[in-house]
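What follows is a short report on a single structure.
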Amino acid sequence: MDKLLKLLGTNSDFTTAEIATMLGEPEDYIKAQIKEYENKGVIKGYQAVVDWEKVDDSYVEALIELKVTPKKETGFDEMAELCMAFDEVKSVYLMAGAYDFSLIVRGETMQDIAMFVAKKLSTIDGVLSTATHFIMRCYKDRGLNLVKPQHQEDGRLLIL
Amino acid sequence: MIDYSKYLNDKIQFIKPSGIRKFFDIANEMDNVISLSIGEPDFQTPWHIRDEGIDSLKKGKTWYSPNRGFSELLKEICNYYKRRFNLTYDDKTQTLVTVGGSEGIDLSFRALIENGDEVIIPEPSFVCYEPLTVMAGGTPVIINTKNEDNFRLKADDLRAAITDKTKLLVLPYPNNPTGAIMERKDLEEIAQVVIENDIMVLSDEIYSELTYGGRQHISIASIDGMYERTIVINGFSKSYAMTGWRLGYVLGPAPIIAQLTKLHQYGIMSAPTTAQYAAIEALKNGDNDVNHMRDEYDMRRRLVVDGFNAMGLSCFEPLGAFYVFPCIKSTGLSSEEFCTRLIMDKHVAVVPGTAFGSSGEGFARVSYSYSIQHLKTALERIKEFLEELKQ
């Protein structure tokens, strides 16, 4: 049921009744499919895509490149586990390229993040170097355009 | 002060302007209007197609194309019709690239129709057929299709409308505004009447790719005995979201295409060059884009039909195009009253069915070429409107 996952992936706000109508399937079937995906860990969770810049909390995000020495038996996985354990670390990616891991880290200020990297990340056994890049603005997240005005004019003209 | 009416010909002055204009002038003055009235795709032309067009300009390809269109495009059109609709046309003698399907329709009327010829036009249908018939010197003969027939053209109605002056039947399916399609059995019945009475058919198939419910569009040209008496109109506007590029084509018997080419040559010279380069790419590599867009439309179609039926505005299931044609008779209002009050009270714009012919009275055309969120919001507002009407 690719179409179901695609729909939920773009907007998980639909009711099961709406999804069932759109896909031309019985609602019970859709409910059962969703449950199955959740149980199998295909669907990991549901989160609202928030434009944090509109909220009056101070927050900063940074993209951190990590170069590491992988452990003998466990390869990169153990390093990933150590990074994931921090609440500040929102995403962890294993990369192929000029560095090994890419992390998205969130803090209240740039200083906050810098201190986190210096005191907690760089000090992990096996970390060779870090490079911190601060995210200045998020334009698009998970396929959603965050900068489009709420009521955007439709560029089309009336044509019968 | 010059009285221009003495210079303008009688035919053009006789044609009424679109009755819908004043209605949408109201809409344009309002804020926060949720429109469901637009008749073109909300998708933009896929990037790889746009790229080819842009590339052709960068390479300086800004001159006229050959009159009938680039030979590569003509070949690809014929390949496409063979692979999608199992119809074989010769790219050298039976194919003409036009400025939109619209030019193809106009050329066909002007080449076929002369004074006194009758053109049968099923309604509700797109607004161009009647005025273009009049301009070509013909007499439009309207057949009112019915909701209970899912707005399909019935053989008996066709038979009753034919006279010894009938030359041409217009067959606009999948249909704007109703979303109706004609299936094989319907087309076979029509074909029988057409062949018996020795008339030609103009099959406007511009929405052919937007056929749903697991059904494949069938062209009347593929029915036995019809290939030699059908002019097929199609194009790139709806299938590939290329409305603004203005590109279409005509397929048909060689002697007809030869005459249309003559008219096209004198009137237009050739269709836009940039659009043709883009269209070649569309036909070669655009199948996935069409499938993706069709799937999107299909989801929206189901949501909107379900929404209208749930709120008591009965809707037959449209199997083509991107329109839904709910019946608003239960409100006791006329189509125009319904649409005017809906836009005034709830700022939702839909098109009165009467814009497409008198048989559209009691109906409204709702387009679903919008995002699902937009459609959901519109349906909620229409539901509120109906509830307030009851009070």
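Any chance you could count how many residues in segment B:309-334 are away from every other protein chain (no Cβ under 13 Å), surrounded by fewer than 24 Cβ atoms within 10 Å (Cβ to Cβ) and either among the charged types (D, E, K, R) or in a strand (DSSP E or B) (or both)?
Residues meeting the conditions: 2.
Report, by residue number, each residue of segment A:64-82 that is more than 13 Å from residue A:102 (Cβ to Cβ) and not polar (S, T, N, Q).
Residues satisfying the conditions are A:70, A:71, A:72, A:73, A:75, A:77, A:78, A:81, A:82.
Residue by residue, here is whether (1) buried (at least 24 other Cβ atoms within 10 Å of the Cβ); (2) more than 14 Å from the chain's Cα centre (by Cα); (3) more than 25 Å from residue B:275 (Cα to Cα); (4) basic (Lys, Arg) holds:
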| residue | (1), (2), (3), (4) |
| --- | --- |
| B:210 | yes, no, no, no |
| B:223 | no, yes, yes, no |
| B:226 | no, yes, yes, no |
| B:229 | no, yes, yes, yes |
| B:233 | yes, no, no, no |
| B:243 | no, no, no, no |
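Please give the number of the condition residue A:38 fails out of (1) touching a helix residue (DSSP H, G or I) at 6+ places or on another chain (Cβ under 6 Å); (2) part of a helix (DSSP H, G or I); (3) under 30 Å from residue A:138 (Cβ atoms).
(1)
Counting only residues that are away from chain B (no Cβ under 12 Å) and over 27 Å from the mean Cα position of the chain (by Cα), which one in segment A:16-36 is surrounded by the most Cβ atoms within 10 Å (Cβ to Cβ)?
A:29
Of these, B:20, B:49, which one is among the β-branched types (Val, Ile, Thr) and either closer than 23 Å to residue B:245 by Cα or modelled with pLDDT of 95 or more (or both)?
B:49
For segment B:240-290, which residues satisfy the criterion of being basic (Lys, Arg) and closer than 15 Å to residue B:69 by Cα?
B:246, B:262, listed by residue number.
Report, ordered by the first and then the second residue, all pairs with beta carbons closer than 7 Å, sequence separation of six or more or different chains, a first member in segment B:142-160 that is over 23 Å from residue B:197 (Cα atoms), and a second member that is assigned to a loop (DSSP other than H, G, I, E, B) and at pLDDT below 95.
From residues that are over 23 Å from residue B:197 (Cα atoms), the pairs are B:147/B:316; B:150/B:316.
Residue by residue through segment B:96-105, note down the ones that are surrounded by fewer than 24 Cβ atoms within 10 Å (Cβ to Cβ) and either in a loop (DSSP other than H, G, I, E, B) or not small (Gly, Ala, Ser) (or both).
B:99
Take the conditions buried (at least 22 other Cβ atoms within 10 Å of the Cβ), over 12 Å from residue B:36 (Cα atoms), touching a residue at least 60 places away in the same chain (Cβ under 8 Å) and more than 17 Å from the chain's Cα centre (by Cα) and apply them to residue B:363. Does it pass?
yes
Within segment B:31-45, restricting attention to residues that are at the interface with chain A (Cβ under 7 Å from one of its Cβ atoms) and surrounded by 19 or more Cβ atoms within 10 Å (Cβ to Cβ), which residue is nearest to residue B:325 (Cα to Cα)?
B:37
Scan segment B:230-244 residue by residue and report those that are more than 16 Å from residue B:210 (Cα to Cα) and within 14 Å of chain A (Cβ to nearest Cβ).
The answer is B:244, and nothing else.
I'd like to check something: does segment B:16-24 contain any residue that is within 14 Å of another protein chain (Cβ to nearest Cβ), surrounded by 13 or more Cβ atoms within 10 Å (Cβ to Cβ) and either in contact with an Asp or Glu (Cβ under 8 Å, 6 or more places away or on another chain) or aliphatic (A, V, I, L, M) (or both)?
Yes; the residues of segment B:16-24 include at least one that is within 14 Å of another protein chain (Cβ to nearest Cβ), surrounded by 13 or more Cβ atoms within 10 Å (Cβ to Cβ) and either in contact with an Asp or Glu (Cβ under 8 Å, 6 or more places away or on another chain) or aliphatic (A, V, I, L, M) (or both).
Within segment B:160-213, work out how many residues are acidic (Asp, Glu) and either closer than 19 Å to residue B:125 by Cα or touching a strand residue (DSSP E or B) at 6+ places or on another chain (Cβ under 8 Å) (or both).
5
Report, ordered by the first and then the second residue, all pairs with beta carbons closer than 6 Å, sequence separation of six or more or different chains, a first member in segment B:284-308 that is within 11 Å of chain A (Cβ to nearest Cβ) and free of Cβ contacts under 8 Å to residues at least 12 places away in the same chain, and a second member that is surrounded by 20 or more Cβ atoms within 10 Å (Cβ to Cβ) and part of a helix (DSSP H, G or I).
B:302/A:21; B:302/A:22; B:306/A:21
Does residue B:150 qualify as being in contact with a helix residue (DSSP H, G or I) (Cβ under 6 Å, 6 or more places away or on another chain) and either modelled with pLDDT of 95 or more or among the hydrophobic types (A, V, I, L, M, F, W, C) (or both)?
No, not satisfied.
Of the residues in segment A:115-127, how many are within 21 Å of the chain's Cα centre (by Cα) and more than 16 Å from residue A:81 (Cβ to Cβ)?
Of the residues in that region, 2 qualify.
Keeping to segment B:338-382, report how many residues are assigned to a helix (DSSP H, G or I) and more than 14 Å from every other protein chain (Cβ to nearest Cβ).
So the answer is 11.
Pull up segment A:37-51, narrow it to residues that are touching a residue at least 24 places away in the same chain (Cβ under 8 Å) and closer than 14 Å to residue A:145 by Cα, then point me to the one that is surrounded by the fewest Cβ atoms within 10 Å (Cβ to Cβ).
Result: A:51.
Of all residues in segment B:197-235 being among the small types (Gly, Ala, Ser) and not in a loop (DSSP other than H, G, I, E, B), which is farthest from residue B:103 (Cα to Cα)?
The residue in question is B:222.
Is it the case that segment B:288-299 has a residue that's more than 22 Å from the chain's Cα centre (by Cα) and either in a loop (DSSP other than H, G, I, E, B) or among the aliphatic types (A, V, I, L, M) (or both)?
Within segment B:288-299, not a single residue is more than 22 Å from the chain's Cα centre (by Cα) and either in a loop (DSSP other than H, G, I, E, B) or among the aliphatic types (A, V, I, L, M) (or both).
So, of the residues in segment B:91-141 that are in contact with a Pro (Cβ under 8 Å, 6 or more places away or on another chain) and farther than 19 Å from residue B:230 by Cβ, which turns out to be farthest from the other protein chains (Cβ to nearest Cβ)?
It comes out as B:134.
The values are calculated or read from the model by the stated rules, or taken from the named source; none is laboratory data. All of these numbers come straight from a predicted model, not from anything done at the bench. Note that we place each Cβ from the backbone using ideal geometry, even for glycine, and neighbour counts take in every protein chain shown.
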